[in-house]
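Student: I have a structure here, written as structure tokens, and I will follow up with some questions on it.
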Amino acid sequence: MEPRKMKAVKSLVFPVGDFPPELHWLLSEFRLIVNKSVRIALSQDIRSRYRLSAAAYGQLSAEHRIYKQYIPSAFEVAMGSLKAHRRRLKKGRRSSTPYMMKLMLKAENQSYKLDRETGRLRIPIRRGEMAVILHLSLSDWHRSILNDLSWRLGSLTVVPGRVIIAVSRDAPERYEPKAAIALDTNEDSLDGVFAGEWSATLLSLSLGGVRQVQATHFRRRRRLAHKKAYDRRVQRKLLDREGRRERDRVRQRLHVVSKGLVRAAKDHQAAIVLEDLTLHGAGGRSRRMNRRLSSWPRREIHRQIEYKAAMEGVPVIKVNPRYTSKTCPACGALRRDRVGRMFECECGWSMDRQHNAGMNILKTALASDEALARGVRFHPGALRDDVVIPLYDLQALLEGAREEPSGVELTLSHLS
Ligand SMILES: [Zn+2]
């Protein structure tokens, strides 16, 4: 199964002090065209940019002497705000007819010219007339991106005092893995095994107290719902806000984890192996386990890992989680009864349940992925009495104590 081609997008923001009057004129013309387009689209029940263009381009280009290529961009802005408006109405929420108050210009990359070395930006104003030239001041960060030609220039947005240029690039080719990091996804950690050609070790990645964050917010939401029960509108508003806060806090913790994991994988040219959470209904997991795995933070950490890995060329392999928590990685026996905190098998194998699942995830991947099997030899027996090593300490990273996760490095010499 080929993962879809990923694209990274960044916004480069440049403060612009002095705004020439021509640019001001352009922004107010653009706003006018957007607002007229909204009215035309509403009055004729137009729902696509193509139809809007057919209905309005002639009239608007006759009424406005603005550089022609801006008119389709105005249609795009108009259709975007109309879509949001119609969605709100459909959900039964209140929404007034969209009207753009803010001065703004949006342009596609064929409309403007940017000198990537000097920051000279040329913005056409009217048809057949001179353009406005702005000199953007480039920071080191801006330069590092603009000097790298794999970043392509995208749309330009101009608002008073600021210019924003979108850049994008395709994900690099994935490397052939020489090692694997296979992880079982648990409530507050990812647990599993690092396996290279000659060595293997157990790993744990803390999710940085995500479970506690969720528990705290759960209690707070319940209290809020109770206290504001008399006013449904206020209750909803407060609960929405609580939900957003919780998500932001969780997301931020997960970003640190996914970033460190992807970096460690790249350092060791390892593939990352995870369960395919969309397949969790396939069986082998209890209903309780299914509910736990389908919850948002688990999906979110996978989403982040997959995205960041794609941007770094790190291969990600997803395996069916069926029986991963019930199988003995040493002898292959399948346990029918409930597995406790320790997985124990009649063959004498015994291991913490979560790491045990991580090993089975690795074994499943090795059985199905030829490229991985070429790079990694894995013998569960070698791990039997090993110590678990944290892939890296999240708390230390949050406090800025250290930049590089080095858990994996430590363990390489540890076991081989
Ligand atoms: Zn066994």
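Student: Please verify whether Phe75 is aromatic (Phe, Trp, Tyr) and open to solvent by less than 20 Å² (accessible area, probe 1.4 Å), treating the condition exactly as stated.
Tutor: Numbers: aromatic (Phe, Trp, Tyr): yes; open to solvent by less than 20 Å² (accessible area, probe 1.4 Å): yes.
Answer is yes for this residue.
Student: Looking at Arg169, Arg162, which is the one that is open to solvent by 10 Å² or more (accessible area, probe 1.4 Å) and closer than 25 Å to Glu300 by Cβ? Talk me through it step by step, then tell me what you get.
Tutor: Numbers: Arg162 fails: closer than 25 Å to Glu300 by Cβ.
Arg169 is the lone residue from the list that is open to solvent by 10 Å² or more (accessible area, probe 1.4 Å) and closer than 25 Å to Glu300 by Cβ.
Student: Search the stretch 342-357 for residues being in a strand (DSSP E or B) and among the acidic types (Asp, Glu), and hand back the single one that is most open to solvent (accessible area, probe 1.4 Å).
Tutor: Glu344
Student: Another question, then. Looking at Ala179 and the list (1) over 21 Å from the mean Cα position of the chain (by Cα); (2) at negative phi; (3) open to solvent by 10 Å² or more (accessible area, probe 1.4 Å), which single condition is not satisfied?
Tutor: Of (1) over 21 Å from the mean Cα position of the chain (by Cα); (2) at negative phi; (3) open to solvent by 10 Å² or more (accessible area, probe 1.4 Å), only one is false for Ala179: (3).
Student: Here's another thing I want to ask about it. If we scan the stretch 372-380, do we find a residue that is in a helix (DSSP H, G or I), under 26 Å from His255 (Cβ atoms), open to solvent by 70 Å² or more (accessible area, probe 1.4 Å) and of a type outside the set (Ser, Thr, Tyr)?
Tutor: Checked the stretch 372-380: no residue is in a helix (DSSP H, G or I), under 26 Å from His255 (Cβ atoms), open to solvent by 70 Å² or more (accessible area, probe 1.4 Å) and of a type outside the set (Ser, Thr, Tyr).
Student: Ok, one more. Filter the stretch 327-341 down to the residues that are at pLDDT below 90, within 13 Å of the ligand (Cβ to nearest atom) and open to solvent by 10 Å² or more (accessible area, probe 1.4 Å) and list them by number.
Tutor: Correct list: Ala330, Cys331, Gly332, Arg335, Val339.
Student: Condition (residue is open to solvent by 30 Å² or more (accessible area, probe 1.4 Å), part of a loop (DSSP other than H, G, I, E, B) and at pLDDT below 90) applied to the stretch 312-324: is it met by at least one residue?
Tutor: Yes; the residues of the stretch 312-324 include at least one that is open to solvent by 30 Å² or more (accessible area, probe 1.4 Å), part of a loop (DSSP other than H, G, I, E, B) and at pLDDT below 90.
Student: Another question, if that's okay. If the requirement is being open to solvent by 90 Å² or more (accessible area, probe 1.4 Å), touching a residue at least 60 places away in the same chain (Cβ under 8 Å) and not β-branched (Val, Ile, Thr), which of these qualifies: Tyr99, Tyr50?
Tutor: Being open to solvent by 90 Å² or more (accessible area, probe 1.4 Å), touching a residue at least 60 places away in the same chain (Cβ under 8 Å) and not β-branched (Val, Ile, Thr) holds for just one of Tyr99, Tyr50, which is Tyr99.
Student: Checking Ala8 against (1) open to solvent by 40 Å² or more (accessible area, probe 1.4 Å); (2) over 22 Å from Arg122 (Cβ atoms); (3) assigned to a strand (DSSP E or B): exactly one of these is not met. Which one?
Tutor: The failed condition is (1).
The values are calculated or read from the model by the stated rules, or taken from the named source; none is laboratory data. It should be emphasised that the depicted structure is a prediction, and the values quoted were computed from it without experimental measurement. A quick note on method: Cβ atoms are made from the backbone with ideal geometry, for glycine too, and the neighbour counts reach across all protein chains shown. We work out accessible area using only protein heavy atoms, side chains counted, and drop any ligands, DNA or RNA first. Shrake-Rupley method; radii C 1.70, N 1.55, O 1.52, S 1.80 Å.
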